[in-house]
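Reading through the structure tokens given below for one structure.
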Amino acid sequence: MGLPLAGALRSAFWSMKIGAPSVPFVTKLMVHTYTAAEPGIFVNSYLLETVDGVVLVDAGLLVSDARALAARIAALRKPLVAAFVTHPHPDHYNGLPYVAGDEVPVYATAPVAKTIEQTAIAKREQWQPVYGAEWPDRFRVPDRTVNDGDTVDVAGLRIRVHDLGPAESHADSYLLVESDDQRIAFIGDLAFEGVHSYTADGHSGAWLAALDRLADELAGVPLYPGHGAPADVGLLTRQRQYLLMYREAVRRLAAGEPRLSDAQKLELEQIMARFVPDAPLGWLVGLGADAVAAELAA
């Protein structure tokens, strides 16, 4: 996801066991989730703990959350052996310098790594005035690039990386993690659960196509999203419904124009608030309006 609000910081942890004794994979996998509070856009960072170490999936937005995540890793008393970044939005890579030391390899697809390298400084210049010291003064580009379908064997896990191209962001991917006969998927921001969606990168049409693809590829696989609780493949259906509603509302309000007026954005926010009552991060609705209007106009 792109960006943020302010308020008191809190965090929540929960964990889930999967897997069963087998060779060559681990005998037990624990998935620990660190969830940022509203200032950190409720983003999830995942710690995959095995007998051999810990693997990180995404690293959060704010300095305080990254430091809390690092403390959580230290409390596990096992080495962090690798990190993965699902896509190039700051709430998924900002915390890397505070969590993963230089000796820890950071994996991502080549498009994800390239986009981070190209946009991280501009993102900092845009948002550090808002967040002050909470926005990191440095960033880390993933140094181990992988291609679509490549497999990384680490900490007793088999992690297959799938490159989806532009969707929610300019470069999206998901991770399929195998342990014994169990499979779970970390899908980044390809689907949001319980919060409004970020649409400001303007790829909503490609995003819908990616969701259609994933509905087949991930049927029966537990999904761990970048925002919200784990769910089954119905999560993808709900995201598709949200995007269809959003696009139709923008299409009607914009009437072929590449942008919406402030009044039209307010009406759009009201429409989406009725569609998903009580969902937080409503400011994201107006943030992405012009990008989707331009996409539809083109």
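The values are calculated or read from the model by the stated rules, or taken from the named source; none is laboratory data. Because the structure is a prediction, the values reported are computed rather than measured. We place every Cβ from the backbone using ideal geometry, glycine too, and count neighbours over all the protein chains shown.
I'm told MET245 meets every condition in (1) within 25 Å of the chain's Cα centre (by Cα); (2) surrounded by 19 or more Cβ atoms within 10 Å (Cβ to Cβ); (3) farther than 21 Å from VAL43 by Cα except one. Can you identify the failing condition by its number?
Failed condition: (2).
Among the listed residues LEU260, LEU268, LEU284, identify the single one that is outside the structural domain of ASP172 (by TED's automatic domain parsing), at negative phi, touching a His at 6+ places or on another chain (Cβ under 6 Å) and of a type outside the set (Val, Ile, Thr).
Result: LEU284 is the single residue among LEU260, LEU268, LEU284 that is outside the structural domain of ASP172 (by TED's automatic domain parsing), at negative phi, touching a His at 6+ places or on another chain (Cβ under 6 Å) and of a type outside the set (Val, Ile, Thr).
Exactly one condition in (1) assigned to a helix (DSSP H, G or I); (2) within 14 Å of the chain's Cα centre (by Cα); (3) charged (D, E, K, R) is false for ARG213; which is it?
(2)
Search the range 113-143 for residues being without any contact (Cβ under 8 Å) to a residue 60 or more places away in the chain and not in a helix (DSSP H, G or I), and hand back the single one that is farthest from ASP172 (Cα to Cα).
The selected residue is ASP137.
Just checking: which of the helices (runs of 4 or more DSSP H) contained wholly in the range 30-108 hold 1 or more residues that are of a type in the set (A, V, I, L, M, F, W, C), within 28 Å of GLY282 (Cα to Cα) and touching a residue at least 12 places away in the same chain (Cβ under 8 Å)?
The qualifying helices (runs of 4 or more DSSP H) are 63-76, 96-99.
From GLY132, GLY149, GLY156, grab the single residue that is closer than 27 Å to SER64 by Cβ and small (Gly, Ala, Ser).
Just a single option satisfies the conditions, and that option is GLY132.
Name the residues in the range 163-207 that are crowded, with 22+ Cβ neighbours inside 10 Å and more than 20 Å from ASP91 (Cβ to Cβ), would you?
Within the range 163-207, VAL177, SER179, ILE184 meet the criteria.
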